[in-house]
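Report on the structure given below.
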Amino acid sequence: MAVVGESGSGKSTLAKSLIKLIDIDDGVIQFNGENINQIGAKALKATRKNIQMVFQDPYASLNPRMRIHNILEEPLLIHAIGTSSTRKDKIRAMIVKVGLSPEDLTKYPHEFSGGQRQRIGIARALILNPELIICDEPVSALDVSVQAQIIQLLKSLQKELGLTYLFITHDLRIVRHIADTVFVMKQGKLIEEGKTDIIFKNPKSAYTKELLASIPGNNKKKGNK
Ligand SMILES: Nc1ncnc2c1ncn2[C@@H]1O[C@H](COP(=O)(O)OP(=O)(O)O)[C@@H](O)[C@H]1O
Ligand SMILES: [Mg+2]
C-alpha cells in the first residue's frame, strides 16, 4: 500500500503516528483489529515488534559507533529474543538475505555506500519478523540506479516473507512498481484512495491528476505535438 503526496502533506506524520512516535489528537489506530491507542504497555510492545520502520536517510538512521552485528542484535535484545548463539545465526542469515555478507557484520556504518546502508536498515527492520514494514521514502536519498536495486530487494523480500508494506513516497514512478493500493494525501488529509492501476488510469481529484502529470515522461497529453 502506497501513501503519496507532495512534500509537507503529512506522510511522515502519519507514519510516526502509526508507530506511536507521536500521539494523535483524534481518531483510532487499529492493528490486527486492536486499537493501539488503548492497549497496555505490554501489548503495545508486542504490537511494536510487528510494525517496523525503514527510514529515508540511511546515513542518519544507523548509529555510527555500532558495528553492524550490534545494530542488528539491538532489536533482538530489546525484545529478549534467543541466546547469543541463536541471535548470531539469525543475524548472519539476515545479512545474507539483504544481499550483504557475514564479513560485513564486524564493520561500521561509514564503511558502506548509501544503498548498502539501506540494506542494513532493511535487515534491522526484518530481524524481528514483523508483519508490517513502514517504509518512509526509503530510496529518496539514493542514486536512481541504486533505487531500483533496493526496490527489487523490497519486492523479493515481500514475496519470500509475506510482508505488508506501507510505502511512503512522493515519487509516483515507484508506486506503480510496488503498490496494489494507493492513498493520496494533501495538507494532512487523505483525499483519494484506490487500486493503483485505477488511480493511474482514472484519477478523480485534480491534485492526483497533477501529481501524475508531474511524473517525468508522463506529461505528454494526447494532442501535444
Ligand atoms: N494531520 C496533521 N496535523 C497536524 N500537523 C500536521 C498534520 N500532518 C502534517 N502536519 C505537519 O505538517 C508538516 C509536514 O508534515 P510531514 O509529515 O513531515 O510531511 P511529508 O512527510 O509528507 O513531507 C509537519 O510539521 C507536521 O507536523
Ligand atoms: Mg516525510
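Efficiency by 1/(1 + (r/R0)^6): what FRET value for Ala213 and Phe31, r their Cβ-Cβ distance, R0 = 41 Å, to the nearest 0.05?
My answer for the efficiency is 0.70.
Once the convex hull of the C-alpha atoms of region 2-213 is built, how many Å³ does it hold per residue, rounded to a whole number?
Convex hull volume per residue, Cα atoms: 130 Å³.
What is the extension gain from Asn129 to Lys189, computed as 0.36 nm multiplied by their sequence separation minus the C-alpha to C-alpha distance, in nm to one decimal?
Roughly 18.5 nm would be gained on extension.
Among the aspartates and glutamates, which have Cα under 16 Å from the Cα of Lys155 when same-chain residues fewer than 8 positions away are ignored?
Qualifying aspartates and glutamates at Cα under 16 Å: Glu131, Asp136, Glu137, Asp180.
Antiparallel DSSP bridges in the chain: what percent, to the nearest 5?
Beta bridges within the chain, antiparallel portion: roughly 35 percent.
Tell me the per residue accessible area of region 2-213 using a 1.4 Å probe; a whole number in Å² is fine.
53 Å²
Between Rg and the Kirkwood Rh of region 144-224, both from Cα atoms, what is the Rg to Rh ratio?
1.00
Which three lengths, in whole Å and largest first, does region 1-106 cover when its Cα atoms are put on their principal axes?
46, 34, 26
Roll a 1.4 angstrom probe over the protein heavy atoms and tell me the percent of accessible area of region 2-213 that is carbon or sulfur.
With neighbouring chains kept in place, the figure for region 2-213 is 49 percent.
The values are calculated or read from the model by the stated rules, or taken from the named source; none is laboratory data. Note that the structure is a prediction, hence the values are computed from the model and not measured. Virtual Cβ from ideal backbone geometry, glycine too; neighbours counted across all protein chains shown. Keep in mind that these areas ignore ligands, DNA and RNA; they rest on the heavy atoms of the full protein, side chains included. Shrake-Rupley method; radii C 1.70, N 1.55, O 1.52, S 1.80 Å.
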